[in-house]
1. Which GluC sites (Glu not before Pro) does the stretch 132-216 hold that lie in a coil by DSSP with at most 10 other beta carbons within 10 Å?
2. Taking the solvent-accessible surface of protein heavy atoms with a 1.4 Å probe, what is the per residue accessible area of the chain in Å²?
3. Quick check: the angle from helix 29-42's long axis to the longest principal axis of the chain, C-alpha only, nearest 10 degrees?
4. Hey, what angle do you get for helix 151-167 against the long axis of the chain, alpha-carbon based, 0 to 90 degrees rounded to 10?
5. Mind checking which of Ala152, Ala35, Ala174 has the largest fluctuation in a GNM of the chain, springs on alpha carbons under 10 Å?
6. Quote the relative contact order of the stretch 86-216 in percent (integer), defining contacts as alpha-carbon pairs under 8 Å separated by 6+ residues.
7. Specify, per residue and in Å³, the volume enclosed by the convex hull of the alpha carbon atoms belonging to the stretch 85-191.
8. Looking at the chain only, what percent of DSSP beta bridges run antiparallel? Nearest 5 please.
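The values are calculated or read from the model by the stated rules, or taken from the named source; none is laboratory data. Computed from a prediction, not measured in an experiment: that's the story for all the values here. Because the Cβ atoms are built from the backbone with ideal geometry, glycine has one as well, and the counts that use them run over all protein chains shown. What goes into the accessible areas is simple: the full protein's heavy atoms, side chains included, and nothing from ligands, DNA or RNA. Shrake-Rupley method; radii C 1.70, N 1.55, O 1.52, S 1.80 Å.
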Amino acid sequence: MSIRDLLRGLPVFARPLPAFDPAGAPDDPHDLFAAWFAEAVGAGVVEPHAMTLSTVDADGLPDTRVLLLKEFDGRGWQFATDATSAKGRQVAANPAAALGFYWREQGRQVRVRGSVTALDRAAADGDFLARPVGARVASLASTQSAVLDDPADLERALAAAGQTVENDPGTVCAEHTVYAVTAVSVEFWQGDKERRHIRLRYRRDGDAWVRERLWP
Ligand SMILES: Cc1cc2nc3c(=O)[nH]c(=O)nc-3n(C[C@H](O)[C@H](O)[C@H](O)COP(=O)(O)O)c2cc1C
């Protein structure tokens, strides 16, 4: 069977989906995100904290990858990564980003656009030390996004990093950084089987948020 035939046979939104009444939505998108996130967890969404992070490189070419949401508070949507990775270098040069959440089981999508700032070392070190030992060793060993000429180099680096952490469990990774995305717009999208998708976009306007319904 061709890919085309496989694609044509795939159902979409063929399951009960939750309701979304934008008229009852809060004034602030952060409150709605918190509510939707809790509902996603409650609905058993698999890895609801997995999100795409899109950035732009020095040539203006967009890049995207999946990351975990590490924290969500007054500082915005936070993720942790290596500052010397491709994404780390991209946001250092151009601190603009978009986040995308897709909660398949609910047919829900959230899109966040905004600016990225690196939080301080205390936040980075605290996040790093809260990670399981294997994740800390992997971070210490990795030069994330650099070309790996020989897989044996990774094995050697992992062994060395493992020894470092064993000798000093308080070892932190200088490149490990927590970034926060401050939103200028947040869209909440509720899919519908009949394609009457409900879209509510919050747009930052000075100190206020403007709420707009969008055509599906
Ligand atoms: C479910 C999932 C979660 C991930 N979480 C992270 C994360 O929290 N931090 C991270 O640096 N990479 C994470 N990754 C790996 C990234 O997608 C990516 O491969 C890596 O960060 C290198 O990206 P870059 O080369 O664009 O910098 C995750 C991948 C998946 C599929």
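1. Glu194
2. 57
3. 80
4. The two axes meet at around 80 degrees.
5. Ala152
6. Contact order relative to length: 27 percent.
7. With only Cα atoms used, the stretch 85-191 gives 137 Å³ per residue.
8. Of those bridges, close to 100 percent are antiparallel.
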